[in-house]
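Peer 1: Below is one structure. I have some questions about it.
The values are calculated or read from the model by the stated rules, or taken from the named source; none is laboratory data. Treat the numbers as computed from the prediction; the structure is a model and nothing was measured. Note: ideal-geometry Cβ built from the backbone for every residue, glycine included; neighbour counts use all protein chains shown.
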Amino acid sequence: MSNLASILESRLGRRRLGWLRLLSEAGRDRAAGIYLVGGVVRDLLLKRPILELDISVSGLDEALALHLADALGGRLTARSQFNTFKIAVGSTVIDLAMTRGESYAHPGALPDVWPGSIEQDLARRDFSVNAMAIDLSVDAWGELLDPMSGQRDLERRLIRVLHPDSFADDATRIFRAVRYAQRLEFRLEEGTADLLKASLGGLDTISGDRLRHEFQRVFAEPHPGSVLSRLADLGVLEAVFPPLGRRSGPWPDENGPSDEAEELVWLSTLACGLNAGEAAQFAQRLNMGSAWAAVVRDTVEIEGILNDVGSPGILRSSVYHLLHQYHPGALVGVVTTHSEGLARDSIELYLRELRQVRPELNGRDLIGLGAEEGPEIGRLLETVLEARLDGIVTSRAGEESLVRRLIS
Ligand code: CTP
């Protein structure tokens, strides 16, 4: 068995190491086993950055969680149905879970959970590289628990399920396998890849909310495009929503620089190529909220007007009128996907410049110049905006003389 105490010391930093030592002492008071588990162990061994501390504790209940929070000088901020808790220490959140066994009543069901040993807890997990723990108890500080040979798979750079029913139990693991493979630049172990392909039908059992969450996690990866390409190649996108299978060619690697929320831009690249009816069905399948559904709908509409937007010599004001009703995330998504042509130039011009253009004059100024209160004000402001966009006026004085001409 290897001992990782020196890795803990060199990689975690004084503060986090101090917390683990406090938890270790507090666990001894209550004779509880206490372990660092899952992704953090994987990332410690891979020398990747450690973002979260996931800790499992045998027999964890609210009283024990309170005791551990006290020992850390922190606050218990949340508890869930499966005896998982969050402790806030300053601005850091530490996740605590009860070591547990799990079983699935039927594919796609949430698991039935019961208190179990750390070995049972590791055996219920998704992949061998996520099924390791580091013992934090005082007597065995730093010992690696690796009953599923995760360390060997880290060395071979393989994503491997622990048992043949893993994807059937929980088809969201299909997404997880691909995310980890692309993020860590690992291969899917051969048997795992076969099981994955054979389990695609199980995605039908996954609720819209859970599927949406999986896409969100894809979009938050360092290279979402590579994950989407791999999901497409493996037939996962088609299994989720068949029209997504029509999409050929790789996804863009990057979105390019933009101020838009990355998540919505990647969503838009995913929706490119759908028609309006399919877009609505896709939104329904993922039970999308209004922002996501709008991006999907807008993406399809923007693709439908690319010829107009890209017509040679189009006025800047016309570009503005064609595009200003759409979500910028959808515009960036479409530009990223359709990487050539005049339409692309127009959309980029809109995003970079036109969407910021405003007249300097406001309604009150127009009344001051003699315009009549009421709908005329709106029409005049619109005309001034167009003149601004097309470069016909470039100053406040220019706007004023245009308005005077219009109302005289
Ligand atoms: N897990 C699982 N099956 C799932 C989801 C999670 O077995 N469907 C287990 C894995 O062992 C995983 C742990 O729960 O390591 C925590 O899940 P999560 O926070 O999603 O994963 P991390 O490994 O922390 O991954 P990431 O680096 O993406 O945060």
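Peer 1: Which condition number in (1) within 10 Å of the ligand (Cβ to nearest atom); (2) without any contact (Cβ under 8 Å) to a residue 60 or more places away in the chain; (3) out of contact with any strand residue (DSSP E or B) (no Cβ under 8 Å at 6 or more places or on another chain) is the one that residue 102 fails?
Peer 2: (3)
Peer 1: Further question on the same structure: Are there any pairs with C-beta distances below 6 angstrom linking a residue in the stretch 165-181 that is within 11 Å of residue 221 (Cβ to Cβ) and near the ligand (Cβ under 9 Å from one of its atoms) to a residue that is outside any helix (DSSP H, G or I) and of a type in the set (A, V, I, L, M), with the two at least 6 apart or on different chains, and if so which?
Peer 2: 180/159
Peer 1: OK, next. Identify, please: which residue in the stretch 200-212 is within 18 Å of the chain's Cα centre (by Cα) and among the charged types (D, E, K, R) and is, among those, farthest from residue 233 (Cα to Cα)? Steps first, please.
Peer 2: Filtering the stretch 200-212 for residues within 18 Å of the chain's Cα centre (by Cα) gives 206-212.
Then keep just the ones that are among the charged types (D, E, K, R); that gives 209-210, 212.
On the way: 209: 24, 210: 22, 212: 20 Å.
The extreme case among them is 209.
Peer 1: Looking at the stretch 265-284 only, could you name the residues that are surrounded by 18 or more Cβ atoms within 10 Å (Cβ to Cβ) and part of a helix (DSSP H, G or I)?
Peer 2: Residues satisfying the conditions are 265, 266, 267, 268, 269, 270, 271, 278, 279, 282, 283.
Peer 1: Of these, 88, 105, which one is in the same structural domain as residue 142 (by TED's automatic domain parsing), within 30 Å of residue 199 (Cβ to Cβ) and of a type in the set (Gly, Ala, Ser)? Don't jump to the end; show me each part of the working.
Peer 2: Working: 88 fails: within 30 Å of residue 199 (Cβ to Cβ).
Result: 105 is the single residue among 88, 105 that is in the same structural domain as residue 142 (by TED's automatic domain parsing), within 30 Å of residue 199 (Cβ to Cβ) and of a type in the set (Gly, Ala, Ser).
Peer 1: Wholly within the stretch 59-145, which strands (runs of 3 or more DSSP E) include no fewer than the required count, namely at least 2 residues that are under 19 Å from residue 173 (Cβ atoms) and in contact with a Pro (Cβ under 8 Å, 6 or more places away or on another chain)?
Peer 2: Hits in the stretch 59-145: 100-103.
Peer 1: Being aliphatic (A, V, I, L, M) and either touching a strand residue (DSSP E or B) at 6+ places or on another chain (Cβ under 8 Å) or modelled with pLDDT under 95 (or both) is the filter here, so list the residues in the stretch 194-210 that pass it. Let's see the steps before the verdict.
Peer 2: Step one: filter the stretch 194-210 for residues aliphatic (A, V, I, L, M), giving 195-196, 198, 200, 203, 206.
Result: 195, 196, 206.
Peer 1: Return the residue satisfying two criteria in turn: it lies in the stretch 45-55 and is over 21 Å from the mean Cα position of the chain (by Cα) and within 13 Å of the ligand (Cβ to nearest atom), and of such residues it is surrounded by the most Cβ atoms within 10 Å (Cβ to Cβ). I'd like the intermediate steps shown before the answer.
Peer 2: Taking the stretch 45-55 first, the residues over 21 Å from the mean Cα position of the chain (by Cα) are 45-47, 55.
From the residues that got through so far, the ones that are within 13 Å of the ligand (Cβ to nearest atom) too are 45-46, 55.
On the way: 45: 21, 46: 13, 55: 26.
By that ranking, first place goes to 55.
Peer 1: Filter the stretch 77-112 down to residues that are loosely packed, with under 15 Cβ neighbours inside 10 Å and touching a helix residue (DSSP H, G or I) at 6+ places or on another chain (Cβ under 6 Å), then give me how many there are.
Peer 2: 0
Peer 1: For residue 154, state whether it is surrounded by fewer than 20 Cβ atoms within 10 Å (Cβ to Cβ) and touching a helix residue (DSSP H, G or I) at 6+ places or on another chain (Cβ under 8 Å).
Peer 2: Details: surrounded by fewer than 20 Cβ atoms within 10 Å (Cβ to Cβ): yes; touching a helix residue (DSSP H, G or I) at 6+ places or on another chain (Cβ under 8 Å): yes.
Judged against the criteria, residue 154 is a match.
Peer 1: Considering (1) charged (D, E, K, R); (2) part of a helix (DSSP H, G or I); (3) modelled with pLDDT of 95 or more, say which one residue 48 fails and leave the rest.
Peer 2: Result: residue 48 fails condition (2) only.
Peer 1: Which pairs turn up if I take residues in the stretch 16-44 that are within 16 Å of the ligand (Cβ to nearest atom) and look for partners that are among the basic types (Lys, Arg) with beta carbon separation below 6 Å, at least 6 apart in sequence or on another chain?
Peer 2: From residues that are within 16 Å of the ligand (Cβ to nearest atom), the pairs are 44/11.
Peer 1: Of the residues that sit in the stretch 1-15 and are away from the ligand (no atom under 16 Å from the Cβ) and crowded, with 18+ Cβ neighbours inside 10 Å, which one is nearest to residue 144 (Cα to Cα)?
Peer 2: Our first condition is that a residue be away from the ligand (no atom under 16 Å from the Cβ); within the stretch 1-15, this holds for 1-10, 13-15.
Then drop every residue that is not crowded, with 18+ Cβ neighbours inside 10 Å, which leaves 4, 8.
On the way: 4: 6, 8: 11 Å.
Among those residues, the one meeting the criterion is 4.
Peer 1: Sort out which residues of the stretch 108-127 are more than 10 Å from the ligand (Cβ to nearest atom) and either touching an Asp or Glu at 6+ places or on another chain (Cβ under 7 Å) or among the charged types (D, E, K, R) (or both), and write them in order of number.
Peer 2: 112, 113, 119
Peer 1: Kindly list the number of the only condition in (1) surrounded by 15 or more Cβ atoms within 10 Å (Cβ to Cβ); (2) outside the structural domain of residue 237 (by TED's automatic domain parsing); (3) touching a helix residue (DSSP H, G or I) at 6+ places or on another chain (Cβ under 8 Å) that fails for residue 138.
Peer 2: Unmet for residue 138, out of (1) surrounded by 15 or more Cβ atoms within 10 Å (Cβ to Cβ); (2) outside the structural domain of residue 237 (by TED's automatic domain parsing); (3) touching a helix residue (DSSP H, G or I) at 6+ places or on another chain (Cβ under 8 Å): (1).
Peer 1: Determine if the stretch 326-341 includes at least one residue that is under 20 Å from residue 270 (Cα atoms), touching a Pro at 6+ places or on another chain (Cβ under 7 Å) and either at pLDDT below 95 or in a helix (DSSP H, G or I) (or both).
Peer 2: First pass over the stretch 326-341, keeping only residues under 20 Å from residue 270 (Cα atoms): 326-340.
Adding the requirement that they be touching a Pro at 6+ places or on another chain (Cβ under 7 Å) leaves 336-337.
When the remaining residues are screened for being either at pLDDT below 95 or in a helix (DSSP H, G or I) (or both), the result is 336-337.
Within the stretch 326-341 (the criterion being under 20 Å from residue 270 (Cα atoms), touching a Pro at 6+ places or on another chain (Cβ under 7 Å) and either at pLDDT below 95 or in a helix (DSSP H, G or I) (or both)), the answer is yes, since at least one residue qualifies.
Peer 1: Which condition breaks for residue 197 when tested against (1) away from the ligand (no atom under 13 Å from the Cβ); (2) charged (D, E, K, R); (3) within 22 Å of the chain's Cα centre (by Cα)?
Peer 2: (3)
Peer 1: Residue 164: touching a Gly at 6+ places or on another chain (Cβ under 6 Å) and either more than 29 Å from residue 57 (Cβ to Cβ) or among the basic types (Lys, Arg) (or both), yes or no? Break it down into steps so the answer makes sense when it comes.
Peer 2: Values: touching a Gly at 6+ places or on another chain (Cβ under 6 Å): no; either more than 29 Å from residue 57 (Cβ to Cβ) or among the basic types (Lys, Arg) (or both): yes.
Taking the combined requirement at face value, the residue does not satisfy it.
Peer 1: Would you confirm, using the coordinates I've provided, whether residue 149 is touching a helix residue (DSSP H, G or I) at 6+ places or on another chain (Cβ under 8 Å), in contact (Cβ under 8 Å) with a residue 40 or more places away in the chain, of a type in the set (Ser, Thr, Tyr) and away from the ligand (no atom under 13 Å from the Cβ)? Before you say what the answer is, go through the steps one by one.
Peer 2: Details: touching a helix residue (DSSP H, G or I) at 6+ places or on another chain (Cβ under 8 Å): yes; in contact (Cβ under 8 Å) with a residue 40 or more places away in the chain: no; of a type in the set (Ser, Thr, Tyr): yes; away from the ligand (no atom under 13 Å from the Cβ): yes.
Answer is no for this residue.
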